[in-house]
């Protein structure tokens, strides 16, 4: 029972310590997005065909992601077009089950083994949102940003807010025109 409690406590501590979100970007040094003026989205059907989990790849999340990305790109002076944009945007969603651990020492014992530590493991779900910016003429990936975070109750209750926060952080380093 104590082990279960320790595992639950670890999950609560991780999720209450503030955001655990990590954000990364990568860019082709020979192609700056700032050299392009417009963009369009890859079709939802093409995105869904890459997907393996309809729980996350669905019309609701597609709209949330597109709205958040459109807001970020348009605030940087990129024009959205229905088709034939200078850039093409698409995304990927990955959700994985992970194992975490928390160590606790047993210093209350007066015993030679009192320096041993107990390790409690717990399972959690980690989500990653990847945004790709392509040059459709050359089919070249020119910029990629991704955010990884624990998928907790707050994200499940309010996915729109979680997606908006992730997209905003992903695009912090995206150049303006």
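The values are calculated or read from the model by the stated rules, or taken from the named source; none is laboratory data. Because the structure is predicted, anything quoted here is derived from the model rather than measured. Every residue, glycine as well, gets a Cβ built from its backbone with ideal geometry; the counts of neighbours run over all protein chains shown.
Results, tabulated for the structure shown:
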{"item": "Top-ranked residue of region 38-74 - restricted to ones that are in a loop (DSSP other than H, G, I, E, B) and more than 22 Å from residue 168 (Cβ to Cβ), ranked as modelled with the highest pLDDT", "result": "43"}
{"item": "Cβ pairs under 7 Å, 6+ apart, first in region 30-41 and on the phi < 0 side of the Ramachandran plot, second in a helix (DSSP H, G or I) and at pLDDT 95 or above", "result": "39/73; 41/66"}
{"item": "Selection from region 75-117 of residues that are at pLDDT 90 or above and assigned to a loop (DSSP other than H, G, I, E, B)", "result": "76, 77, 78, 81, 82, 83, 84, 85, 86"}
{"item": "Matching residues in region 72-94 - criterion: being under 21 Å from residue 162 (Cα atoms) and surrounded by 14 or more Cβ atoms within 10 Å (Cβ to Cβ)", "result": "72, 73, 89, 90, 91, 92, 93, 94"}
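So that you can scan it fast, the table gives a plain yes or no per residue for (1) assigned to a helix (DSSP H, G or I); (2) surrounded by 17 or more Cβ atoms within 10 Å (Cβ to Cβ):
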| position | (1), (2) |
| --- | --- |
| 122 | no, yes |
| 126 | no, no |
| 130 | no, no |
| 133 | no, yes |
| 138 | no, no |
| 146 | no, yes |
| 160 | yes, no |
| 166 | yes, yes |
